[in-house]
Amino acid sequence: MMQRLPKPRTSQDVLVLCREHDVQIVDLRFTSWSGDMYGVSIPISALDKQVFERGLRCAPSDDGLPDARPYPDRLILPQPDTVWIDPLAEISTAVLFCELQDPITGEEFDDDPRAIARRAQAYLEHCRVADQLNIATESEWWASHCAQSQHAASVAPSKEAVGGLQGKIDGRRMIPRVLHLTQRCGIPVTRCTWDGRHPQRLRVELAASPHLTAADHALTLFDLMKSLTTRPTGLDGASEASQDSARGVTIRLAGEKADRSWMTGSGYAGLSDVALHAIGGLLRHLPAIMALSSPTGWPGTERPRWGYSQSDSRAVCRIPAGGTDPHDRSIELRLACQQFNPYVLYAALVMAVIDGVQNKISAGAPLEHLDPSAADTPHRAAAQQWEQGDLVGALDSDYEFLVRGDVFSETSLRAWVGRWRTT
């Protein structure tokens, strides 16, 4: 049975792992706000403890970070707990995600996506809202005829294993390979599901993890899946299977404090007051958050209904029916992700939850009890921005909750807004 890679915690652990897997190449990667990947590849002989401690100078490049500086140079610092072995590489390759530092001052970049997510975790603990916010991500993928890769797998797939090279591929037949490869690189996938109406559509669900770890896992999964498929519906809009039903990603989140879930209570759908306040914060700020993941709006015509509900599957915020285990309770969000960077998106979700819980923001009535004609409907302004698709405008007027604790920088947010204002 294929064993999942142990998760290294130190640079020495990474070096040992590389020796065990006879690694020849190391990819040091970082991301732009839009989720594009950048990086440097080095031979394994160039990777030592000093690279982890002092960083590696990165040549100037147009890396898509929103904050302009007087000089383009940067240091990239590999994060040991993000390492994975690329199962598709022809030559054994280790991948490490990095954070960015200023080469002169040694300070971290304000607009580095992974550093933003890490600061959000520190601010969450500082506010004592929760010890951690666990996030599980379900993404949708479009399988196509070039999904057969001849790169290193334990057994090269046959035509039958991937549904045939001619025409379109049945996503169901890709599931064994997806599960095999994700386990090889240590991604905690809990399930793959397929849609009988659109057999090329494949959904991959990651296990819930603290939001920074969840973002690392999501980035790894997206990198792997893009090598197996040509059209990730969560990244570039509507799939060929259905131009009207591209959902992007589904995110389930739940808070924990002192090793106990604060989701369960006696409120609507068995939720606690804290969980309902978290929903209130998410709904108030969701248009601004969406501007970070899909600034041009929802692709296709199936925009989710504004509001929250347990019974209405079309709600943008849904409460899945849970069992008797309090840890089964979660808040589910359906988001479009044309510009998907999990570090940025998950950090924004954390900040919205903090705002909702700290300020006891009302979630209002659930969709099935909501009177849309009522003048005092909570979050009316956010609902109007959602319906009108003015997401960038929402972020332009609602970013104060993001800059608390210096998690996001106002300069970076304004640069992002300016970029999409002129697009």
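The numbers here are math on the coordinates, done by the rules we state, and not lab data. Worth saying up front: this structure is predicted, and the values here are computed from it rather than measured. Every residue, glycine as well, gets a Cβ built from its backbone with ideal geometry; the counts of neighbours run over all protein chains shown.
Charge tally around Gln101: other residues with Cβ under 9 Å, Lys/Arg +1 each, Asp/Glu -1 each, net -4.
Could you sort the peptides 349-362, 80-93 by per-residue average Cβ neighbour count (10 Å cutoff), highest mean leading? Walk me through the intermediate numbers first.
On the way: 349-362: 22.1, 80-93: 18.1.
Ranked from most to least packed, the peptides come out as 349-362, 80-93.
For region 11-109, the relative contact order is 31 percent, taking Cα pairs closer than 8 Å that sit 6 or more residues apart in sequence and dividing their mean separation by the residue count.
Gly270: net charge of surrounding residues, Cβ under 11 Å, Lys/Arg +1, Asp/Glu -1, itself excluded?
0
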